[in-house]
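This report refers to the structure that appears directly beneath it.
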Amino acid sequence: MSQHENHAFEHRDDEAKKLGMWLFIFTELLLFGGLFLVYSIFRSQYPDSFHEGSLELSVTIGAINTIILLVSSASVAVALTAIQKNNTKLSMQMLLLTVFLAAAFLVNKYFEWGAKFHHGLYPGSELMQLLDRGHHLYFSLYFFMTGLHALHIIIGMILLLISYFKVKAGKVKMDDFMHLENAALYWHLVDLIWIFLFPLMYLIS
Amino acid sequence: MSEHTHHITPYKTLGIILVVLFFFTFLTIEITSIHLGALTVTVALLIAGVKGFLVLSYFMHLKHESLLLKILVAMVFVLFALIVLITFIDYAFR
Amino acid sequence: MRKETKYVSYLDYEGQYKGIFGWIFSTDHKRLGLLYLYAIALFFFVGAILGLTMRVELATPGETIMKAQAYNGVFTVHGVIMIFMVVIPGLSAVFGNFFLPLMIGAKDVAFPKLNRLTWWILIAGSILAIASQFLREGPPDTGWTFYAPYSTKTGTSVIIATTAAFVLGFASILTGLNFIVTIHRLRAPGMKFFNMPLFPWALYAASWIQLLATPVVGITLVMLIFERLFGIGFFNPDLGGDPILFQHLFWIYSHPAVYIMILPAMGVITEVIPTFCQRRIYGYKAIAISSLAIAAVGFFVWGHHMYTSGMSEQARWFFSLLTFIVAVPSAIKVFNWIATMYRGSINLQAPFLYALFFIFLFIIGGTTGLILGAVAPNVQVHDTSFVVAHFHYIIFGGMGFAFFSGLHYWFPKMYGRMYNLKAANWGAIILFIGFNLLYFPQFIIGYQGMPRRYYDYLPQFQWAQTISLIGGIILFIGFFVMVGNLVRGAKKGAIAPANPWNGTTLEWTVPSPPPVENFDEDPIIKSDPYDYK
Ligand SMILES: [Cu+2]
């Protein structure tokens, strides 16, 4: 409410905002941490099924998505450096590139999931119920974890777009860029989680 | 502007880190495609750990943040590791 | 009266919004503290009525006023309301919001708008939780623990109830986040961590648990929801899942959750005792550090809820060992409180009386907790009313009485008026008597084998259930005495001075009720927050 806004104490505290974002990132890490714990337990119980399950996924698509996220992580970092150097134009371009890459990731994911759905493999399908227990759990976790990750991609895209418009409107600028920095931090978190998801889901066999 | 608290990461650093991350991605795909048995998981997680460390340190600027924040981040990872470890005290001996 | 003073209290302040909107759209941490107080008092009343309903059902063996399924619904709803809507937000959201900024010399919390949003999220979650009672499927009947695989199969409205718990968890996370940043960034100039009073210390430790443990149960509940929606088998053994894994994930949060409620409770007691003994707190650093120690070790003892689940032998002794270790910092605090009283000039007012009762009840709850923490006796009394008695001694006897203590302690600061001191003492005594009559017999019959969550029992337990019912009624009388006295005090009580108890912490240096921005000038920070010279 505006009751404080007229008063002198309403000073800007960038460090507080940054610390707040980091703390939120901690909660996200533990949110996914719970899933990684479940993954590791079931993997230790059904190693063979998890191995066979991961063979069903396309390493190529996974690798492409990994590259996409790494580049997008770098591009949003460039956007932050650019705004700090007062290069608004580059910053906006880089933000758009990041959002574009995020969309590309989702398109990729759409086709990847689509192929699975096409084969009747999706949560709640008949085929899922017929799979043996290890496979059932592997694919349940696959859909759940990548789905939750995709949800975070969407949230990240929204945050980045808001940042883009704030840069455009001059609200995020060289001496006031906390919004962009926090959106970037969130985006790196999305990348960070994928860095662990990729080998665990696609590679380890 | 609060220059003293905000370190500006040069474009060049970001580029180098990106290339290194590419390299590790390639490496992990190659290594996991040869059969190392139980070692595969360890190697893949180790490489993921290095990649995560790079993202945290450079992209997320943790390298230039306060010691407090570094400790807090480390604490979260240690907490998670301990929780996994302790849960396995149950599953490993059941 | 208030016209004579030149400040505007937060109660009288007229901002952009008027009337009730001036409250529910307010970002003032003090107004939000009161909003939490009213919301939580309402939830507590609903939960307490449900509790009394259970006691009436248990008045005689067999069906008394409801059938078994209705009873299952009642104890589930009682648990969900009391845990997620009352005790977890309880102390930190009410007194934390109101007094954390005041005690560290800040003008508000770090993110006031987020703070307002958090209250709204709490209300939204609470509406969901209450809605789950009235849906066609019937109230959830899983108990507040939502144990799989039953929770994946029962036809009752589990999804709404777990969604509610998820939303309420989110509110808890945001409160914790706000407090941690507040303590790191907004301490008044000159106040270091070890100049802080001990209530902020306790809040700091509890906030870390709120922040780090809640996401784990959050994701677990989402998995449970998906399991029900899509027939995924995470926790259902028929589909390869593991119900014990659900218990692990659930208690990874829900054991530390006990410390979310009890740490701020201990913090309140740590403020009350020095003030009413007019003595410096004994072992300041030991208490501060023990809060962090409890929070840290408390993360790794969750398995003591699972001794009979089929968990491995090695895990059982490991969790048992750590459970005994986590008792040490709690005991340190008890020793420090008692040592503080030694040779103090004790002023036996309601806050202190409640604090004494807290210590008494907490010791009973804590030591019976050690009985439950040891594997062999636990296997004997697991899932009996011994457990029920134990955690009510901790949660209600501990957290609840600390809440009452804090309420009576800070009441004059919050409302600028004083309640009737004598009536407050009587309220405390009646509550104490009612509490012990209600819960102590449950230890005995639990030890003899009375199972928890049963609406029926063998005739040999009749005597205890009758005493418990009488205790429950006395408890209710105590509530009415306490609440009636406080409401009357808030409306017509004598005007309270700024520092009625002669406290030394910063909240007593500002007028009662505090002005909108708390401090007109930067407060003077003493290196010792408990300096009674
Ligand atoms: Cu416990």
- Message: Let me confirm something: among A:106, A:57, A:96, A:29, which residue is over 19 Å from residue A:195 (Cα atoms), surrounded by fewer than 23 Cβ atoms within 10 Å (Cβ to Cβ) and not aromatic (Phe, Trp, Tyr)?
- Response: A:96
- Query: Consider residue C:292 against the criteria (1) within 16 Å of the ligand (Cβ to nearest atom); (2) within 14 Å of chain B (Cβ to nearest Cβ); (3) among the aliphatic types (A, V, I, L, M): it satisfies all of them except one. Which criterion is unmet?
  - Reply: (1)
- Query: If you go through region B:37-80, how many residues are out of contact with any Phe, Trp or Tyr (no Cβ under 9 Å at 6 or more places or on another chain), more than 8 Å from every other protein chain (Cβ to nearest Cβ) and within 18 Å of residue A:204 (Cβ to Cβ)?
  - Reply: 6
- Among the helices (runs of 4 or more DSSP H) lying completely within region A:99-202, list those that include at least 2 residues that are over 23 Å from residue A:29 (Cβ atoms). A:126-130, A:133-168
- Message: Being modelled with pLDDT under 95 and either within 30 Å of residue C:178 (Cα to Cα) or among the acidic types (Asp, Glu) (or both): is that true of residue C:124 here?
- Response: no
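Go over the candidates C:270, C:275, C:340, C:323 one by one and state the one that is within 16 Å of the ligand (Cβ to nearest atom) and either surrounded by fewer than 21 Cβ atoms within 10 Å (Cβ to Cβ) or assigned to a helix (DSSP H, G or I) (or both). Full working, then the answer.
On the way: C:270 fails: within 16 Å of the ligand (Cβ to nearest atom); C:275 fails: within 16 Å of the ligand (Cβ to nearest atom); C:340 fails: within 16 Å of the ligand (Cβ to nearest atom).
The unique qualifying residue is C:323.
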- Item | Top-ranked residue in region C:225-265 [being away from the ligand (no atom under 16 Å from the Cβ) and away from chain A (no Cβ under 12 Å); ranked as nearest to the chain's Cα centre (by Cα)] | C:264
- Matching residues in region C:205-224 - criterion: being among the small types (Gly, Ala, Ser) and within 16 Å of the ligand (Cβ to nearest atom): C:206, C:213
- Tell me, which residue of region A:163-189 that is in contact with a Gly (Cβ under 9 Å, 6 or more places away or on another chain) and surrounded by 24 or more Cβ atoms within 10 Å (Cβ to Cβ) is farthest from the other protein chains (Cβ to nearest Cβ)? A:183
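Select from region C:515-531 the residues that are within 14 Å of chain A (Cβ to nearest Cβ) and assigned to a loop (DSSP other than H, G, I, E, B) and write down the one among them that is farthest from residue C:494 (Cα to Cα).
This residue is C:522.
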- Message: Test of understanding: among C:161, C:188, which residue is surrounded by 24 or more Cβ atoms within 10 Å (Cβ to Cβ) and among the hydrophobic types (A, V, I, L, M, F, W, C)?
- Response: C:161
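Could you list, in sequence order, all residues of region C:298-317 that are assigned to a helix (DSSP H, G or I) and surrounded by fewer than 18 Cβ atoms within 10 Å (Cβ to Cβ)?
C:313, C:314, C:317
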- Given (1) out of contact with any Asp or Glu (no Cβ under 7 Å at 6 or more places or on another chain); (2) farther than 23 Å from residue C:393 by Cα, where does residue C:235 come up short, assuming only one miss? (1)
- Task: Check C:385, C:345 and return the single one that is under 30 Å from residue C:500 (Cα atoms) and touching a residue at least 60 places away in the same chain (Cβ under 8 Å).
- Result: C:345
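The values are calculated or read from the model by the stated rules, or taken from the named source; none is laboratory data. Note that the structure is predicted; figures quoted are calculated from it, not measured. A quick note on method: Cβ atoms are made from the backbone with ideal geometry, for glycine too, and the neighbour counts reach across all protein chains shown.
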